[in-house]
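A short write-up of the structure that comes next.
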């Protein structure tokens, strides 16, 4: 479409691909974790980071699919350094096990990409009795980040290279419940709305990034945290909506981004020197964008942090 070619201040646009935004960047010596890397933009993110020399750990729920993707990447890029590790973000036990295994493996961690997500599911409780979208999209990533943070801090100090945490959010954060985060009604089935609950979890991704960025800056740690909207992409994220999935399989593929374009902003935030030192910001099409007023609410971010800490204890 005509608007895809309109470049922003970064020099990139919505039509830019992950390969294009990382062209000429050498990621050798860096290690990244990408959650949800067995399909969609997570898979493309892992592939492109590996293409740029990054040691990539794919955190996947389905290990068979993860191994297949790893073989695919190595077949295309023989020099690729890619591993798959099991991670179910809806289970705190699984998150803790993953983090423990990674930290004890001796791997240093430079880049954490919290990409995995589910969308507009029917009302379901996670293994920890938390509404599934909030549990998977936010709480799982919140806990994972906290458990890997010491590793990232140590790596940043030893390597003198900036660590980066990237949270994949969505413009859907604008269409959450009226109060933004329903702290007292997270598990309220009677007022549950699949799409608003998705928006709530995506707002939480932005607030998490912002508060984390604030704390890291206050502590003088050389790690940034930012969030992004990848664009609307024809992926299996729409599997729980019959209308949306049918649309995306047909007309949507003509109107919206390819997976290669959808992974661009994630890869841009993970590797590009233009965003060195940038923290607590929201990006779209590899350019700075503006989150909603709730997405910029400092007090709401602090309240969500405390609420999340209590849930993961």
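Please treat every number below as a calculation from the coordinates, not as lab data. Predicted, not measured: the structure shown is a model, and the values here were computed from it. No Cβ is skipped: glycine too gets one built from the backbone with ideal geometry, and neighbour counts run over all protein chains shown.
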**Request:** With the Cα gyration tensor of segment 60-217 in hand, convert its eigenvalues to equivalent ellipsoid semi-axes via √(5λ) and list them largest first in whole Å.
**Result:** 29, 20, 14
**Message:** Using a 10 Å cut-off around each Cβ, can you sort 288, 203, 144 from fewest to most neighbouring Cβ atoms?
**Reply:** 288, 144, 203
**Prompt:** If you rank 70, 196 by fewest surrounding Cβ atoms within 10 Å, what's the result?
**Reply:** 196, 70
**Request:** Would you mind calculating the gained length between residue 313 and residue 185 on full extension (0.36 nm times residue separation, minus the Cα-Cα distance), in nm to one decimal?
**Result:** 44.2 nm
**Complete:** If one builds a Gaussian network model of the chain from Cα atoms under 10 Å apart, the most fluctuating residue listed among 177, 268, 282 is 177
**Choice from 209, 94, 170 showing the highest fluctuation, given a GNM over the chain with Cα pairs closer than 10 Å** = 94
**Asked** Expressed as a whole number of Å, what is the distance separating the alpha-carbon centroids of segment 256-300 and segment 42-78?
**Response** 22 Å
**Message:** Take residue 219 and residue 274, extend 7 Å from each Cα along the Cα→Cβ direction, and tell me the distance between the two endpoints in nm.
**Reply:** 3.0 nm
**Request:** With springs only between Cα atoms under 10 Å apart, run a GNM on the chain and tell me which of 281, 44, 179 wobbles the most.
**Result:** 179
**Item:** Cut-off 17 Å, label 7 Å out along Cα→Cβ of residue 299, residues of segment 154-188 by amide N
**Value:** 179-184
**Prompt:** Full extension from residue 7 to residue 68: what is 0.36 nm times the residue separation minus their Cα-Cα distance, to one decimal in nm?
**Reply:** 18.4 nm
**Request:** Find how much the distance from residue 306 to residue 178 grows on full extension, using 0.36 nm per residue of separation minus their present alpha carbon separation; answer in nm with one decimal.
**Result:** 44.0 nm
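Given Cα positions, please report Rg to Rh for the chain, the hydrodynamic radius being the Kirkwood one. Show your work: numbers first, answer last.
Working: Rg = 18.0 Å, Rh = 19.3 Å.
Rg divided by Rh gives 0.93.
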**Prompt:** Where does each of 92, 85 land when they are ranked from fewest to most other beta-carbon atoms within 10 angstrom?
**Reply:** 85, 92
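Can you give me the Rg/Rh ratio for segment 24-99, using Cα atoms for both radii and the Kirkwood formula for Rh? Provide the component values of the computation, followed by the final result.
Details: Rg = 12.0 Å, Rh = 12.2 Å.
Taking Rh as the inverse mean 1/r over Cα pairs, Rg/Rh reads 0.98.
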